[in-house]
1. Would you mind finding the one in Y64, Y56 that is in contact (Cβ under 8 Å) with a residue 12 or more places away in the chain and within 17 Å of C97 (Cβ to Cβ)?
2. Considering only region 80-97, I want to know if a residue exists there that is surrounded by fewer than 12 Cβ atoms within 10 Å (Cβ to Cβ) and at pLDDT below 85.
3. Could you pull out the residue among L14, L52, L59 that is modelled with pLDDT under 85 and of a type in the set (A, V, I, L, M, F, W, C)?
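The values are calculated or read from the model by the stated rules, or taken from the named source; none is laboratory data. Fair warning: this is a prediction, and the values are worked out from it, not measured in the lab. Here the Cβ is made from the backbone with ideal geometry for all residues, glycine too, and neighbour counts use every protein chain on show.
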Amino acid sequence: MPAHGGARRLRSILERPICIAQNNRAGLEEARLRFQAAVDADTTFAPAYAGLAATYSALGLVFYGEPPGETRPKVIAVARKALELDPELAEARVFACKRAEKDCTGGSGGRIQASY
């Protein structure tokens, strides 16, 4: 049992890939609700914040219809919270870096967009 315990929280974390891997909006919404419930149950449980970052990031893809302008601040906020709680949490680092890269490159895949 993890330090922050609770069978329900552990189960919600373990089921995250199942919800996200469904590759549909309903699965992502279910994952979002599960991670939010885990955060509500324990506001110090960093992996739940990382799961929210993953979910919001996926919801911001064109396939799922959430405007990136609405999901981007959420990804950044929950990834930062996860890193504040656990600076070594790899998942949170990945989403914080991905979001920062897109902000710096304008989503150009690593190429800086020049505006002359």
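1. Working: Y64 fails: within 17 Å of C97 (Cβ to Cβ).
Just one listed residue meets the conditions, Y56.
2. Yes, there is a match, as at least one residue in region 80-97 is surrounded by fewer than 12 Cβ atoms within 10 Å (Cβ to Cβ) and at pLDDT below 85.
3. Numbers: L52 fails: modelled with pLDDT under 85; L59 fails: modelled with pLDDT under 85.
None of the other options fit; the residue is L14.
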